[in-house]
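Here the structure comes first, spelled out in structure tokens, and everything after it is commentary.
The values are calculated or read from the model by the stated rules, or taken from the named source; none is laboratory data. Model, not experiment: these values are computed from the prediction. A quick note on method: Cβ atoms are made from the backbone with ideal geometry, for glycine too, and the neighbour counts reach across all protein chains shown.
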């Protein structure tokens, strides 16, 4: 205000120029200001409901970050973890890896490896539970509803949501796993003729139930090729794969702390229980 007054005194700005510039300044009104000038801006006569509705339109709620880790967990400082996430013991998360719990929590098991540019995303309210000893290679993106143990997601593979993956599954490099098409009988059951009351009840029940799984990949599934074909393998060599994964973990635990800065996680000490306070010796 002092700057405009000084310019007006020095005849640098005319009253018409001040009137034009003030209209651009009144697009975001100050709710704490009790003085209203009806002569400087035509937008000052707008009702307060439009201003409140405009402010509500741009209100975005973010899920609070809550990271819970086990013992011997290695998380590089460059890794991006947001939302409610729990990481099991011995898991290694590489730099530039991404774990985003946008709507629901993500639970990662023990001894998993999440490599560079790998992304695990949960955009539904239902939690994603990941088993133990899983390998997420460079550039893969996984949004599966649940994942078993001893699975391998190779480079740049993609798994859509509404898919449940078993154990000992291999998703080949660059392959994409999508839900299977809905059959005619399933489509007819979805669009069945029902009353309005039953429809409202079904909608309420649907909101309370967890996310629907459209397809479940059985154990020992292999997805391969440019067409993302599927087949089952006999499971021969499972013990060799587990031993190789253990050696991979040992190498990463020895190498990553030498060349990368690790994420510092501050623990919170739990308060002593009532029994511990009762049995504690007097000071």
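Within the stretch 135-154, the set of residues being in contact with a helix residue (DSSP H, G or I) (Cβ under 9 Å, 6 or more places away or on another chain) and in a loop (DSSP other than H, G, I, E, B) comprises just one member, 150. Scanning the stretch 86-123 for residues that are within 17 Å of the chain's Cα centre (by Cα), under 25 Å from residue 242 (Cα atoms) and in a strand (DSSP E or B) gives 86, 87, 93, 98, 99, 106, 107, 108, 114, 119, 120.
The single condition among (1) within 24 Å of residue 67 (Cβ to Cβ); (2) modelled with pLDDT of 90 or more that residue 269 does not meet is (2).
Per this entry, residue 98 is counted among residues that are at pLDDT 95 or above and assigned by TED's automatic domain parsing to the domain that holds residue 248.
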